[in-house]
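Report on the structure given below.
The values are calculated or read from the model by the stated rules, or taken from the named source; none is laboratory data. Bear in mind the structure is a predicted one, so any value in this text is a computation, not a measurement. FYI the Cβ positions are ideal-geometry reconstructions off the backbone, even for glycines, and counts take in every protein chain you see.
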Amino acid sequence: MRRKGVLILVALALFSAVMFYPAMTPQIAKGEQIERKNVILIGWDGVQRNHLFEMINRGLLGNLTSFSNNRIFNITVMDHGTDTKAGWTQILTGYKWWKTGVFNNVYWFHSIPQNYTIPERVESYFGVNQVNTGFIVGKLEHMEIQDGTGDTVNGRYTREAIYKNLPSAIDVCTNGAQGANMVGPSMLQFLENNANNHFFAFFQFSDPDTAGHFQGGENSAQYEQAIVRCDNWLGQILNKLNAINITQKTLIYLTADHGFDEGGNNHLNAPYIFFATNDMNVNRNGDQVDVAPTVYYGLGMWGENFNPALDGYPLQVTLPDGVEQERQSILADTTKPSAASIVSPTSGAYVAENVSVTFNVSDQHLSAALLLVSNTLKAEGPWIWNRSGTVKVDGSYTWNATSINEGSYTITVLAFDEHGANNSPSTTTITVYKAIPEFPTSIMLPSLLVITLLSAILLKKRHKI
Ligand SMILES: [Zn+2]
């Protein structure tokens, strides 16, 4: 009997081991030894594609051309504003902006949801003790890792730091308002410390963007010097990999968050960027949403179930049928989405208790409709979507105004289309009031008249006496 029990237990153990084997040991099949590659994702903030190519042609970026074998690919930003917050968010997640809540440097509504970024996913996929992850960036404004710092202090729609979920989930997470010469040494130190570990690291240099905004613009010598500085640090990273003997097992992906307005001091419409790599499997141009899938492919994680599903495809594989055509039709749609109609409540209404807010909006490529009360996001759905032909949304939301303070409140519907790199959101705003209604003037004037008359009569009577 006892022996039988032991046998059953052994059988059960074997059965569960077989059942859960794939979940416990990702990627490596029985008897097969796949070498795990390290991945370094490098960011050069605000490098315009055309200017990069000019510099390559003049031989100014030797490290970039040599490490990538001069294979530089075109990347286009499509769905979100061409700036820092939205660019790095998409690069580090692989999601269109309405899944992360970061449309641009002004319109961001909350931190990136937990476990959406590459380093967090790498930790949970390989196991916290099996891999080391780093996020070393030099941009205090726009890439905060902690609430109440940098740009979060004055956020219009939220005060949440975009990367606030990272510090507790990954191994090294630093951000500071620093140029390459300050953040570079920390990156080399990270590599040195992880010579014998499997790792993923994101290294970000803010210098070109800073020079473009504040040191003479896109066509200045300072802008070029900043890009050369980035190239020098790329050289130091490559030297370090050689010195610790891990060049062969380390993939490098290098890209920018956005380009720069030609000859300008800003990047309001700058969707043209680049992608360079030593990963010889990369073989096509793409959209910025393809960068994270490319990194996952390099790490051996492509094909896993991502929740939610990623919006892009690795640059190592051809796009599924129809995707390129769909992308081109969105890029061709440069019309701003039409403004939403707020059906109820009416503008100027007094509100109390539960307020039924309803609206509708439509656009050829409508992608998101957000409902805000006094600039705070209340709901991004679920709405009723009708996608036959022009995309139409009917939205309704119950706003509980029972315990809000007296005063005026704005109700806003922001409508976005899929070509957000060029098309800013349309905005519809009404103002409503929470108050104990004032004594209406329609009653007030007659009442005053009556009181005056009565007083006059009384006075007259008294006078007679
Ligand atoms: Zn900038």
_Condition first: within 16 Å of the ligand (Cβ to nearest atom) and within 18 Å of the chain's Cα centre (by Cα). Can you find one or more residues in the range 177-198 that meet it?_
no
Worksheet item: Within the range 207-217, is there a residue that is modelled with pLDDT of 95 or more and either of a type in the set (D, E, K, R) or in contact with a His (Cβ under 6 Å, 6 or more places away or on another chain) (or both)?
Response: yes
Of the conditions (1) within 16 Å of the ligand (Cβ to nearest atom); (2) touching a helix residue (DSSP H, G or I) at 6+ places or on another chain (Cβ under 9 Å), the single one that Leu268 does not satisfy is (2)
Condition met for Leu251 (closer than 29 Å to Ser367 by Cα, away from the ligand (no atom under 16 Å from the Cβ), in contact with a helix residue (DSSP H, G or I) (Cβ under 8 Å, 6 or more places away or on another chain) and not β-branched (Val, Ile, Thr))
no
Checked against (1) more than 16 Å from the ligand (Cβ to nearest atom); (2) closer than 25 Å to Phe109 by Cβ, Ser206 satisfies every condition except (1)
When every residue in the range 354-381 that is free of Cβ contacts under 8 Å to residues at least 40 places away in the same chain and among the aliphatic types (A, V, I, L, M) is compared, the one nearest to Asp333 (Cα to Cα) is Ala379
With the condition kept exactly as written, say whether any residue in the range 239-246 is at pLDDT 95 or above, within 28 Å of the chain's Cα centre (by Cα) and not charged (D, E, K, R).
no
Out of (1) part of a loop (DSSP other than H, G, I, E, B); (2) within 19 Å of the chain's Cα centre (by Cα), the one Val282 does not meet is (2)
field: Residue in the range 239-248 that is among the polar types (S, T, N, Q), within 16 Å of the ligand (Cβ to nearest atom) and closer than 20 Å to Leu41 by Cβ present
entry: no
Of Ala339, Ala369, the only residue that is modelled with pLDDT of 95 or more and not in a loop (DSSP other than H, G, I, E, B) is Ala369
Picked from the range 41-67 (must be out of contact with any strand residue (DSSP E or B) (no Cβ under 7 Å at 6 or more places or on another chain) and among the charged types (D, E, K, R)), the residue nearest to the ligand (Cβ to nearest atom) is Glu54
Of those in the range 69-82 that are crowded, with 24+ Cβ neighbours inside 10 Å and not β-branched (Val, Ile, Thr), the residue nearest to the ligand (Cβ to nearest atom) is Gly81
| request: Evaluate the following for Tyr313: is it in the same structural domain as Leu64 (by TED's automatic domain parsing), modelled with pLDDT of 95 or more and of a type in the set (Phe, Trp, Tyr)? | output: yes
The correct count of residues that are within 30 Å of Asn115 (Cα to Cα), hydrophobic (A, V, I, L, M, F, W, C) and loosely packed, with under 13 Cβ neighbours inside 10 Å in the range 309-360 is 1
Could you tell me whether Leu234 is in a helix (DSSP H, G or I), away from the ligand (no atom under 16 Å from the Cβ), surrounded by 21 or more Cβ atoms within 10 Å (Cβ to Cβ) and in the same structural domain as Met301 (by TED's automatic domain parsing)? yes
The lone condition Ala401 fails out of (1) surrounded by 13 or more Cβ atoms within 10 Å (Cβ to Cβ); (2) under 22 Å from the mean Cα position of the chain (by Cα) is (2)
Kindly establish whether Asn105 is within 16 Å of the ligand (Cβ to nearest atom) and modelled with pLDDT of 95 or more.
yes
Note on Glu160: of the conditions (1) closer than 30 Å to Thr427 by Cβ; (2) among the acidic types (Asp, Glu); (3) in contact with a strand residue (DSSP E or B) (Cβ under 8 Å, 6 or more places away or on another chain), unmet is (3)
